[in-house]
Structure formats: C-alpha cells, structure tokens
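Take a look at the following structure, please.
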Amino acid sequence: MFLIDDLAKTISGEVVADDATLAEYSADYSLFEIRPLAVAFPKSADDVKALVRFANGRMSRGEPISLTGRSAGTDMSGGPLTESVVVSFTRYMNQVLELTGDHVVVEPGMYFRDLEKVLTERNLLYPSYPASKDLCAIGGMVNNNSGGEKTLAYGQTKDYVRGVRVVLADGEEHSIEPLSGSALQAKLAEQNYEGDIYRRVHALVTENYDAIQKARPKVSKNSTGYFLWDVWDPKTGIFDLTKLIVGSQGTLGLLTAADLRLVPAKKYSRLLVIFASSLKPVPEIVEAALACRPESIESYDDRTLGLAFRFLPQMLWMMKGNLIRLGFSFLPEVWMFIRGGFRYPKMVLLVSVSGNDEHELDLRMNEVHRAIMKFPVVSRVVRSAEEAEKYWTIRRQSFKLLHSNVRGKYAAPFVDDIIVDPKHVSEFLPKVNAVLDLYGKKFIYTIAGHPGNGNFHIIPLVDLKDPETRKLIPEVTEEIYKLTVEYGGSISGEHNDGLIRTPYLGLMYSPEILKLFAEVKKIFDPENIFNPGKKVGATKEYAFAHMRKS
Ligand SMILES: Cc1cc2nc3c(=O)[nH]c(=O)nc-3n(C[C@H](O)[C@H](O)[C@H](O)COP(=O)(O)OP(=O)(O)OC[C@H]3O[C@@H](n4cnc5c(N)ncnc54)[C@H](O)[C@@H]3O)c2cc1C
C-alpha cells in the first residue's frame, strides 16, 4: 500500500489499485492475463515525468518498479500487460494539440474514432488506421506500428509519424524528429542525455549498417523488433529516431504526443466484392487485382461470414444505420448461403478504389472487375457507401464478435498476424491450414486479413480450460512461426511482439541482430523501467505461464 500512496502523491492524476480496476487492466485482447500492482492515470506530461522519476528513485533504492504505457488496451500481443504499474492515457491525455491541413499533433490517449470525426469534418484522412479503429487510441497505434485496410496503398504508421514527444529514462520529455545536415551534427554534439542517446544509436546503426539492412524483413509490413533499418539513410543523410519509438511498445519511453502526417480524404469510393468458392484461385485473383493498383484488398473466410449471420443483430447495431434496411441488405448473402450451404463461399475478397472523380472511378472499377471476371468466382460492384459498410463491418468486427460471443471458447490470438510475400500465399496458406486442421475441433479458426500484403489474421477459437489445448498452443505457435520464416515472412505484420512473439524473434533475426535490439533497449532504458519483457528479454516460459485461464 505504501508504494501506491507514495506514487499517488507524485502526480496530479490518480493512482488506483482497487480490485475492479486491476481486473480490467489485467487483460487486453491477447491470450494473456497479468494483474498489475497499480494503474496510474496521468493528467499531463509533467505527471508522466514524475512517474518516471519515481520509478528511478525506487530503482536506486533497490525496490524496482516498472511503467507500462497503455492507451485503449486493444493490443492482441499482451503488450500493455504488466505485474508492475500501468500508465493509462485515455482518461486525461486525449486531446488534439495542433491541427493543420497536413498534420495533427495528438495526445496518446485520444481514441482514433474521436480523431477521425475531427479529420472527416475537414476532409482529412489518417490512412494507416487498424480494423479496431472504433476501439483503439493513438498511443497504441504508434507503439504497435499499426496498419489496416488502406496500408496497401498508403503504408503503415511508421510512414505517418513526423515526430514524437516521449518521456525518456531521465524523467524528461524529449521531442524527437528526423534530423539531417547541421541539425543532426548539432544534436550529435550536444553534451547531455539526449545527445548521448543520439551518439550511441548513430554509432550502432552506422557501424552495423550492412548487417542491419540485411536483417530488414522482406515483406511489405512488419511490426517485429526495433526498426533499426529505417533509422539512418546514407543517401538522404536523414537520421530518424522516431523510427525506433514507433512500434517499440513503450519499451524505450512513454509517448506523450505524436505528430502525424495527414492526407486529403478522397470523395468517392467503389468496392468490388468477390465470392470465391475455393481458396485455390485467391492468390491469382489478388495478383490480378494488385495490377490495377487498388486502395485495398481485404478478405474474410466462410467461417467469418457464418459468424456475421449468427450474430446479425450485433452486426447491424455496429453498423449504426437503419436496421431494417440494413437487415434486408444481407438477403443476397443469405440466399447464397441457402443455395450453397455453409461452406460457400470459402473466401470473400473486398477490392476498393477511391478518388475524387466519379467517372474516372467507375472506369477504374471496371478495369478491376474485368481483371477478375476471368476467374471462376461470383463478383459484384458496390456503389453505395451504406452497402459497402456492411462488408467492411464484417471485415473489421469479426474478431470483436468472436471475442465477446462464443461461450466456452476464447478467440485466441497467437498466430494472428503472419505475413509473407503475396506470391507465396498459394503454397503457404494451405500449409498453415494443414497445421491447424490437424487438431480438428480443438482449433476451429477464422481467417481474415490483408491478402494484398500477404498478411493473414488467423484466430483459433479454443477452450482454454482444456489442459491438452493449453499444451498444444505453444507447439502450434512455434510450428506456424517457423513455417512463416521459412517462406521469408514476418511473424507480425502489424500487431507487434508483446508476450506472444518476443520469445520467437530469434526465428527471424540472427543473434547479432538480437544483440543490437538489446543494445538499443540498454541505450534508452538502462534500468529496464519501461515495459520490461517486451521486444527483448522475454521467455516462452513466462509468456505461457500467464496464459488466460478461460
Ligand atoms: C477487433 C480488433 C481488430 C484489430 N485490428 C487491427 C488491425 O487491423 N491492424 C493493427 O495493426 N492492429 C489491429 N488490432 C490490434 C490493436 O487494436 C492495435 O494494435 C491498436 O493500434 C492498439 O491500440 P491501443 O490504443 O488499444 O493500444 P494498447 O493496447 O493500449 O497498447 C498497445 C501497445 O502500445 C503501448 N503503449 C500504448 N500507449 C502508450 C504510450 N502512451 N506510451 C508508451 N507505450 C504505449 C502498450 O504498452 C502496448 O505495448 C486489432 C485489435 C482488435 C481488438
């Protein structure tokens, strides 16, 4: 109790340790459960600074505590879980600080749905939002390097972060942004804490440049490791430490603000919905669609679609429209299901294009449609935004539906974010399915994802009370991760490492690169105050000992 009282005295926000709060913060959307000691709700960057100084003080007295940042807690990797102190940002630090026509500076606790409203009113778009856009917040998006349905055309979060404000281990707030030329030289010459970090990381990335570049994952999206390969570009002379903060899961410091690049929103969009009765032609369909440079290619399988029908009332509620009209809009799919049974279609693909000229857009959509017509699939162009929303809702909400609705089973993310070059998908995906199918009903799973990037979210529904299933989860995890790496892929395209993937980073990266990751952690956080056991220093034993009970 002393610690919590002392902690509470250091900040103007609250520090809470009641049962209900600790239970709430024991979970995210991952496979794990860890009860924290306390949850702090800072009101400002000064509070965050005070928390870090407090942790430093305790550390020097040999009473270690650590600080784990948390925004909306929708992480699927166990990233915001800790036995020590959670620093929760959504209660207070949730404002837009600056907004112009091309960027926004925003606090980490702002829900994306609130930011989206502000941006939509101004015809602006932050394009790298995840499927959890109605649930998640900026701090988690930046710290996980989130991506989503528009990443195919626009890139991932790391491509949109212009700068960050972070409280580092010295207990001060630092502004970090890309530097080059004389600004970089001046920073490298600074004889202070920040200058020291710049010098040490600069030495690390320049001395190991070739090895680091070789280690860059050969996929279009990656959220594993620290993104060392993006820090230093000798061609432009740009040295960019934001690339280390983005995707770091709060292991290098606590984010207090992010400066995000925005793009003009496009006025119109068209959606081609493709119902494929087998997985076989899917890679070729994706290849044909990619040639037309669409904005996104998303997918979900027959089980996801079945789920959407099973929970139709919740789906309709999530779509927030005229319920009767929306209900009727599902009739074509219901009819298709009645005709073909529940295994038809095997996969639904959503290909979208957008633009400001409707005529030009229709021509582009026709081009995509023509490219697809040669395949043995049923397809239709959706022009109305309301009808398109129906398909997007199924795509975005399937995991949430699984998570909250299937009694006795848990939607367990452990092979939830694998990514390979799309050219390997036709060979790779059946092999992944074969691993899971081997265990029959123990691992009934849905597949949704971003086939345009070769990124698949596979979510098995498991009974976590069954000891046999609990034993199998680590085995299946390892087998599928190994398979992904054999195909040159990454074990996480966007959901990040957390507890579930940090222990497996050695499958993707050499001991030399793992050592560099550990050095980065040491440079920023020598006392291991920030979210320990994520990104570096994790074991499978610790992770699986904290698997949820149900
Ligand atoms: C239904 C559903 C769909 C999803 N779809 C996608 C998807 O399409 N793409 C995708 O990328 N992800 C997806 N996710 C995962 C998750 O929603 C995203 O990664 C999201 O961006 C996390 O945001 P959050 O605010 O919930 O983060 P949190 O869960 O709160 O935190 C995420 C990580 O960031 C750290 N962190 C948070 N705030 C701070 C801070 N201020 N300072 C330091 N560290 C901090 C935490 O410690 C943690 O490691 C999905 C999740 C769900 C439940």
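Under the rule of at least 5 residues apart or a separate chain, name every residue whose amide H is placed under 5 Å from the amide H of Tyr445.
Distant-sequence amide H within range of Tyr445: Leu461.
Turning to a different aspect of this structure: Specify the angular offset, from 0 to 90 degrees and rounded to the nearest 10, of the alpha carbon long axis of helix 511-524 from the longest principal axis of the alpha carbons in the chain.
Once rounded, the angle reads 60 degrees.
Then there is this: If contacts are Cα pairs under 8 angstrom and at least 6 residues apart, what is the relative contact order of the chain in percent?
18
Using each residue's phi in segment 392-409, evaluate 6.51 cos²θ - 1.76 cosθ + 1.60 at θ = phi - 60° and report the 3J(HN,Hα) Karplus result to the nearest Hz, with x for Gly and Pro.
My calculation for segment 392-409 gives 5, 5, 4, 4, 6, 9, 4, 5, 4, 4, 4, 4, 9, 10, 8, 5, x, 10 Hz in order.
Multiplying the sequence separation of Lys423 and Asp159 by 0.36 nm and subtracting their Cα-Cα distance, what value in nm do you get?
Details: separation 264, 0.36 × 264 = 95.04 nm, distance 2.39 nm.
Taking Lys423 through Asp159 to full extension adds about 92.6 nm, to one decimal.
Amide H neighbours of Tyr410 under 5 Å, at least 5 residues apart or on other chains, H built in the peptide plane: list them.
Amide H to amide H, under 5 Å and 5 or more residues apart or across chains, Tyr410 pairs with Val462, Asp463, Leu464.
Angle, helix 425-437 long axis vs. longest principal axis of the chain, Cα atoms, 0 to 90°, nearest 10?
Orientation of helix 425-437: about 80 degrees from the principal axis.
OK, next. Ignoring any ligand, DNA or RNA, what whole percent of the accessible area of the chain comes from carbon and sulfur when the probe is 1.4 angstrom?
So the carbon and sulfur contribution to the accessible surface is 53 percent.
If you roll a 1.4 Å probe over the heavy atoms of the protein chains, what accessible area per residue do you get for the chain, in Å²?
On a per-residue basis, 40 Å².
Enumerate the residues in segment 499-534 having an amide nitrogen under 19 Å from the point lying 7 Å beyond the Cα of Ala211 toward its Cβ.
Flagged as within label range: 505-524.
Volume per residue, Å³, of the convex hull around the alpha-carbon atoms of segment 22-124?
Numbers: hull volume 11.3 nm³, N = 103.
It comes to 110 Å³ per residue, whole-number rounded.
What percent of all Cα-Cα pairs in segment 406-460 falls into each 10 Å bin, going from 0 up to the bin containing the maximum distance?
With a bin width of 10 Å, the distribution comes to 24, 53, 21, 3.
May I ask for the Kirkwood hydrodynamic radius of segment 139-184, worked out over all distinct Cα pairs and given in angstroms to one decimal?
Value: 12.5 Å, from the Cα pair sum.
A further question on this structure: Give me the base-10 log of I(q)/I(0) for the chain at each q in 0.07, 0.12 Å⁻¹, Debye formula, one uniform scatterer per Cα, rounded to two decimals.
-0.39, -1.19
Can you give the FRET efficiency for Lys515 and Asp196, using 1/(1 + (r/R0)^6), R0 = 22 Å, r = Cβ-Cβ distance, to the nearest 0.05?
0.65
Taking segment 464-504, how much of its Cα-Cα pair set, in percent, is spaced more than 13 angstrom apart?
Values: 483 of 820 pairs.
Percentage above 13 Å: 59.
Still on this structure, I have one more. As a test of the definition: which semi-axes, in Å, follow for segment 94-178 when you take the square root of five times each eigenvalue of its alpha carbon gyration tensor? Largest first, please.
21, 15, 13
Further question on the same structure: For segment 360-462, build the convex hull from the C-alpha positions and give me its volume per residue in Å³.
Hull volume over Cα atoms, normalised by residue count, gives 137 Å³.
Between Arg293 and Asp233, what length comes free when the chain is fully extended (0.36 nm per residue of separation minus the Cα-Cα distance, one decimal in nm)?
Working: separation 60, 0.36 × 60 = 21.60 nm, distance 2.75 nm.
Difference between extended and current length: 18.8 nm.
Here is a follow-up. Along the Cα-to-C-beta direction of Gln95, a point sits 7 Å from the Cα; which residues of segment 43-59 have their amide N less than 19 Å from that point?
43-50
While we're on this one: Work out from phi, with θ = phi - 60° and the Karplus expression 6.51 cos²θ - 1.76 cosθ + 1.60, the ³J(HN,Hα) of each residue of segment 363-369, listed in order in whole Hz, and give x for Gly and Pro.
Once rounded to whole Hz, the list reads 4, 5, 5, 4, 4, 5, 4.
The values are calculated or read from the model by the stated rules, or taken from the named source; none is laboratory data. Predicted model, so just to flag it, every value in this text is computed and none were measured. No Cβ is skipped: glycine too gets one built from the backbone with ideal geometry, and neighbour counts run over all protein chains shown. The accessibility values were calculated without ligands, DNA or RNA, using every heavy atom of the protein model including side chains. Shrake-Rupley method; radii C 1.70, N 1.55, O 1.52, S 1.80 Å.
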